[in-house]
Amino acid sequence: MINAFGQPIGTPVSDWTARAEPPHTPLSGHFCRLEPVDVDRHMEGLYGAYSSAADGRDWTYMSAGPFADAASFRSHLAKAAASRDPLHYAIIDLATNEPVGMLALMRIDRGNGVIEIGHVAYSPLLRRTSAATEAMFLLLRHVFDDLGYRRCEWKCDHLNAPSRAAALRYGFQYEGIFRQAVVYKGRTRDTAWFAMIDLDWPTIRAGFERWLAPENFDADGVQRLSLANWIAAQRAPTEQRSGDPAQGE
């Protein structure tokens, strides 16, 4: 787009209004349910799930933890339950009806329709399960389909290789490094930024839906095709139709 002064400008956004504040209500799927964090309901289960880890390495890149005892974790959980930005959820495994992890919506920018998924803390009981992937799908679907946000972000310490890999697996695109962006736990953090936008979401959603479908798993519950492959498969026809020069050369 070119304005009256011959300057390039961004695409107009017609009829834009601020997005709604995310309601703190449960989100349900086939493998898990996301519930607003509640100390009385989730404390014992979450502390047990996190305590099943062999050591505290899962908290190295988190702003909180590891926790020396149940009392310190209860204090952390109480702060999470009282917060509305970040907006914390407990992940409930429907097979056991027990909490097995947490994640949050945060940095909620209603005016621009931007929101971030953060404070992702999966216990050993949740990692590498269908519920772990579905939890992210439920929150992304809520952000884009229910609330109509335009952009969802994922940020992490650039040294946190598992988090960076997870962002790419879920369909976020890498956008760069913000140097010396944060001081936490007495050390500096260069922050890696990832994001997806509403234009990306339909193909990513289709990839998640194909991955979560029963036919994607064998009799032992092992995936037939990875989430990254399903998302790539949904993207490929669109890229070919758009004349992407990387296709067919």
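The values are calculated or read from the model by the stated rules, or taken from the named source; none is laboratory data. The model shown is predicted, which means the values in this text are computed figures rather than measured ones. Every residue, glycine among them, receives a Cβ derived from its backbone with ideal geometry; neighbour counts consider all protein chains shown.
Which residues, counting only those in the range 36-51, are of a type outside the set (Lys, Arg) and assigned to a helix (DSSP H, G or I)?
The answer is Val39, Asp40, His42, Met43, Glu44, Gly45, Leu46, Tyr47, Gly48, Ala49, Tyr50, Ser51.
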Original post:
On the given criteria, is Arg33 of a type in the set (Lys, Arg), part of a helix (DSSP H, G or I) and surrounded by 14 or more Cβ atoms within 10 Å (Cβ to Cβ)?
Top reply: no
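Any residue that is closer than 25 Å to Ala135 by Cα, out of contact with any Leu (no Cβ under 6 Å at 6 or more places or on another chain) and in a helix (DSSP H, G or I) - is there at least one of those in the range 218-227? Show your work before the answer.
So in the range 218-227, the residues closer than 25 Å to Ala135 by Cα come out as 218-227.
Remaining after also requiring out of contact with any Leu (no Cβ under 6 Å at 6 or more places or on another chain): 218-227.
Subset that is in a helix (DSSP H, G or I): 227.
Yes, the range 218-227 contains a residue that is closer than 25 Å to Ala135 by Cα, out of contact with any Leu (no Cβ under 6 Å at 6 or more places or on another chain) and in a helix (DSSP H, G or I).
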**OP:** For the range 160-173, state whether one or more residues are aliphatic (A, V, I, L, M) and more than 22 Å from Asp58 (Cβ to Cβ).
**Re:** no
Original post:
So, of the residues in the range 206-222 that are in contact (Cβ under 8 Å) with a residue 24 or more places away in the chain and of a type in the set (A, V, I, L, M), which turns out to be surrounded by the most Cβ atoms within 10 Å (Cβ to Cβ)?
Top reply: Leu212
Original post:
What are the residues in the range 52-78 that are under 23 Å from the mean Cα position of the chain (by Cα), surrounded by 13 or more Cβ atoms within 10 Å (Cβ to Cβ) and part of a helix (DSSP H, G or I), if any?
Top reply: Asp58, Trp59, Phe73, His76, Leu77, Ala78
**OP:** For the range 230-243, state whether one or more residues are at pLDDT 95 or above and surrounded by 17 or more Cβ atoms within 10 Å (Cβ to Cβ).
**Re:** no
Original post:
Do you know which residues across the range 106-139 are out of contact with any Asp or Glu (no Cβ under 6 Å at 6 or more places or on another chain), over 17 Å from Trp193 (Cβ atoms) and hydrophobic (A, V, I, L, M, F, W, C)?
Top reply: Ala121, Leu125, Leu126, Ala132, Ala135, Met136, Phe137, Leu138, Leu139
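So, in the range 108-140, how many residues would count as being in contact with a Pro (Cβ under 8 Å, 6 or more places away or on another chain) and over 18 Å from Arg74 (Cα atoms)?
3
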Original post:
If the Cβ limit is 8 Å and pairs must be 6+ apart or interchain, which residue in the range 22-35 that is more than 19 Å from Arg128 (Cα to Cα) and free of Cβ contacts under 8 Å to residues at least 24 places away in the same chain pairs with which residue that is assigned to a strand (DSSP E or B) and of a type in the set (Lys, Arg)?
Top reply: Pro26/Arg33
Original post:
Pick from the range 79-90 the residues that are touching a residue at least 40 places away in the same chain (Cβ under 8 Å) and under 17 Å from Leu27 (Cα atoms): which of them is surrounded by the fewest Cβ atoms within 10 Å (Cβ to Cβ)?
Top reply: Arg84
Subject >> Answer residue from the range 110-129, given it is of a type in the set (Ser, Thr, Tyr) and touching a helix residue (DSSP H, G or I) at 6+ places or on another chain (Cβ under 7 Å) and is farthest from Gly29 (Cα to Cα) among those >> reply: Ser123
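Quick check, is Thr203 in contact with an Asp or Glu (Cβ under 8 Å, 6 or more places away or on another chain), within 30 Å of Gly113 (Cβ to Cβ) and at pLDDT 95 or above? Before the answer, list the steps.
Details: in contact with an Asp or Glu (Cβ under 8 Å, 6 or more places away or on another chain): no; within 30 Å of Gly113 (Cβ to Cβ): yes; at pLDDT 95 or above: yes.
In short, no.
Hey, which of the strands (runs of 3 or more DSSP E) in the range 91-205, taking only ones fully inside, have at least 1 residues that are without any contact (Cβ under 8 Å) to a residue 40 or more places away in the chain, surrounded by fewer than 20 Cβ atoms within 10 Å (Cβ to Cβ) and touching a strand residue (DSSP E or B) at 6+ places or on another chain (Cβ under 8 Å)?
Values: elements: 98-109, 114-122, 151-157, 173-184, 187-197.
Counting at least 1 such residues, we get 98-109, 114-122, 173-184, 187-197.
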